[in-house]
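Everything on this sheet refers to the single structure shown next.
The values are calculated or read from the model by the stated rules, or taken from the named source; none is laboratory data. All values reported here derive from a predicted model rather than from experimental measurement. Note that each Cβ is placed from the backbone with ideal geometry, even for glycine, and that neighbours are counted across all protein chains shown. With ligands, DNA and RNA removed, areas are computed over all heavy atoms of the protein, side chains included. Shrake-Rupley method; radii C 1.70, N 1.55, O 1.52, S 1.80 Å.
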There are 2 protein chains.
Amino acid sequence: MTGTNKLNKVAIVGGTHGNEFSGIYLLRKWRDTPQVIERESFSVETVFANPKAFEENKRYLDCDMNRQFATDDLNNLDLANYEQSRAKAINAQLGPKGAAKTDFIIDLHNTTSNMGPSLILLQTDAFNRQLGAYVTVKMPSAVVVLEDHIPVHEHSFLSSISEKGVIVEIGPQPQSVIRQDVLDWMEEMTGHILDFVDLHNRDALPELPASYEAYKYHETLKLPENENGERMGMVHHSVQDADFKVLRHGDPIFTLFNGQEICWEGDYEAYPHFINEAAYYDNNLAMSLAKRVIVGVK
Amino acid sequence: MTGTNKLNKVAIVGGTHGNEFSGIYLLRKWRDTPQVIERESFSVETVFANPKAFEENKRYLDCDMNRQFATDDLNNLDLANYEQSRAKAINAQLGPKGAAKTDFIIDLHNTTSNMGPSLILLQTDAFNRQLGAYVTVKMPSAVVVLEDHIPVHEHSFLSSISEKGVIVEIGPQPQSVIRQDVLDWMEEMTGHILDFVDLHNRDALPELPASYEAYKYHETLKLPENENGERMGMVHHSVQDADFKVLRHGDPIFTLFNGQEICWEGDYEAYPHFINEAAYYDNNLAMSLAKRVIVGVK
């Protein structure tokens, strides 16, 4: 292991969305018990990304903070609302994006969807492929989602500040609630990720499987709308809570409020996730669809 | 059946809380298909109680509307914020409380708790006892909750405007989400209630069971707090989602963020409900506890 691959500075971010409580309460917990997140081979800092949204018990005040980290937007001084300003401050603290002083960011999120403990990887370099393998070995209930359809630097997520940033996404949890099962999953997955970084740094990774299953983002579906953009229906009861269960051409996917069922017309085996996520109603989004892929680890 | 017992005017209220979507979307649906809620023996009107909170995707703007219907508050002209004003307007429309022109109010609510389809009765006169029996016969998954620990007129709920008002409370549903299963349960329960009123009016009720099981409100528990009133813990994972499952002295009930388990010290068999309801975090409430009772129907 050469020194250039070593990750010296790690940041754990919570409360990027103010009503996703698990990360916020874990940051508080770790403030009192920092040894839980400390490892020998790197330094770790924690960031409470959106404290004002938490105070107001909202996802955000002005706009979704986790879409404010596109490089052009970070450099656009005219974007000055609360989340856009916090994004610039966090970029100054952890970044700057493209030449970040932080080698690795873990951004902690909750979803109202039944996604269980999910690890979202933004690229599939050797480090991230191994990280996914390690986490799924240590935590068999974990699901790996790949959002590597665009390069990391083109993402507008907070975790894209660092080249190797990841998102921990755990549900189902209603907004503004703390569920112990979800909190425990988040703490466990974060611990495995920190262990992995430490083992990576010390060139001490255990034998990993040659490959594993993951879900690669493909497209986002909208809720049925009428010509005025009003919702005409909802997620079909057979799809509700069925995150990462296969959806095939002809399967029911929506129920209109008038009772009519709408079937999915796609031509591939789709794996829905973020199904009926509360925060996506702003844009009338119903779910994301992924394709199942096999990730080679070597 | 004498004419004085007949219920001539019924109101169905949705959106008393702006982020409880099932009632709001059912009102829209029934606007297009009024025959679903019409019955021969009474007139029915619908009321969208808090449209501004729905627009802002919040429970309320200024205060919880479903606590603004105490008689003194309705008569207190100094209480003039948005929900207090809407409460007075709704009381003028459906009431006035104590001498209401509306004979029966059904107020439609959602909870993030795993309460299933619940019917909350505010009194246990013969009408309400029979109503509970009818609904549980027609809908075996339904649960009847009695909040008859104080007289109806002392309640501050919207449905207390009419002497016989009830609350339909369906979950689990995150705030600001539409789940089809929850929507379908709400529509089914509302239909059974309307059928019951119609059968009651026509003196045509079927044979009902002599008694049935219900849960009578007893007390409300707070989340563990430190001396500054900050949350120190959360609902124990074994209690999460276990609404209407018995809780006994010594059972774990909370987990502190430091890992310590707190057990329940009560001296009766308690039936928790509204467990970890998101809206109750404002007041650091953890759950309500009921006692199991048998309701005689005659």
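Worth pointing out:
- Relative to the longest principal axis of the Cα atoms of chain B, the long axis of helix B:180-201 lies at roughly 40 degrees.
- DSSP-assigned coil residues among trypsin sites (Lys or Arg not before Pro) in the stretch A:212-267, each with at most 15 further Cβ atoms within 10 Å: A:LYS245, A:ARG248
- The stretch A:47-58 - phi-based ³J(HN,Hα) in whole Hz, Karplus 6.51/-1.76/1.60, Gly and Pro as x: 10, 8, 6, 10, x, 5, 5, 4, 4, 8, 6, 10
- Within the shell of other residues whose beta carbon sits under 15 angstrom from the beta carbon of A:VAL235, the net charge comes to -4, with Lys and Arg scored +1 and Asp and Glu -1.
- In Hz, Karplus ³J(HN,Hα) per residue of the stretch A:214-220 (6.51, -1.76, 1.60; θ = phi - 60°; x = Gly, Pro): 8, 10, 9, 3, 10, 7, 10
- With K and R counted +1 and D and E -1, the other residues having a Cβ less than 13 Å from that of A:GLU154 yield a net charge of -3.
- Considering only the stretch B:9-209, percent of DSSP beta bridges that pair antiparallel, nearest 5: 25
- Exam field: B:ARG67 pseudo-label spacings to other copies (7 Å along Cα-Cβ), nanometres: 3.4
- Calculated label separations, A:ASN228, copies of the chain, 7 Å along the beta-carbon direction, nm: 4.8
- Antiparallel bridges, percent of DSSP beta bridges restricted to the protein assembly as shown (to nearest 5): 60
- Counting from the shortest, the label point at B:LYS9, 7 Å from Cα toward Cβ, is 6.9 nm from the same position in each remaining copy.
- Cα gyration tensor shape of the protein assembly as shown, rounded if a/c is under 1.5, else prolate or oblate by comparing a/b with b/c: prolate
- Dipole magnitude (debye, nearest 20) for the protein assembly as shown, charges at Cβ of Lys, Arg, Asp, Glu: 20
- GluC sites (Glu not before Pro) restricted to DSSP loop in the stretch A:1-46 with at most 11 other C-beta within 10 Å: A:GLU40
- Charge context of A:LEU285, other residues only, Cβ under 10 angstrom, K/R +1, D/E -1: -1
- Scalar couplings 3J(HN,Hα) for the stretch B:26-41, obtained by applying the Karplus form with A = 6.51, B = -1.76, C = 1.60 to θ = phi - 60°, are 5, 4, 4, 4, 6, 4, 8, 9, x, 4, 5, 10, 7, 9, 5, 8 Hz; x denotes Gly and Pro.
- Rounded if a/c under 1.5, otherwise prolate or oblate - the stretch A:48-143, Cα gyration tensor axes: oblate
- Fraction of accessible area attributable to carbon and sulfur, the protein assembly as shown (%, probe 1.4 Å): 47
- Accessible surface, the protein assembly as shown, averaged per residue in Å² (probe 1.4 Å): 40
- The angle between the Cα long axis of helix A:82-94 and the main principal axis of chain A comes to about 30°, on a 0 to 90 degree scale.
- Sum of -39500 (n - 2.57) over DSSP H runs of 4+, divided by residues of the protein assembly as shown (222 nm, nearest 500): -7000 deg cm²/dmol
- Percentage relative contact order, chain B, counting C-alpha pairs under 8 Å, at least six apart: 19
- Near the amide H of A:GLY116, within less than 5 Å, lie the amide hydrogens of A:GLY171, all on another chain or at least 5 residues away, with H placed in the peptide plane.
- Peptide B:28-34 has a mean of 2 when you count, residue by residue, the C-beta atoms of other protein chains within 10 Å of its C-beta.
- Highest-first arrangement of B:136-149, A:166-179, where packing means the average Cβ count within 10 Å: A:166-179, B:136-149
- Antiparallel bridge percentage (DSSP; both residues within the stretch A:2-110; nearest 5): 10
- Between A:MET232 and A:GLU225, A:ASN226, the built amide H atoms are under 5 Å apart, and every one of these is 5 or more places off in sequence or on another chain.
- Partner shielding of A:103-112 amounts to 1, given as the average count of beta-carbon atoms from other chains within 10 Å of each residue beta-carbon.
- For the stretch A:223-298, the relative contact order comes to 26 percent (Cα pairs under 8 Å, sequence separation of at least 6).
- Loop-located chymotrypsin sites (Phe, Trp or Tyr not before Pro) in the stretch A:214-275, at most 16 other Cβ atoms within 10 Å (DSSP): A:TYR268
- A:THR71 accessible area, assembled protein chains, probe 1.4 Å, Å²: 50
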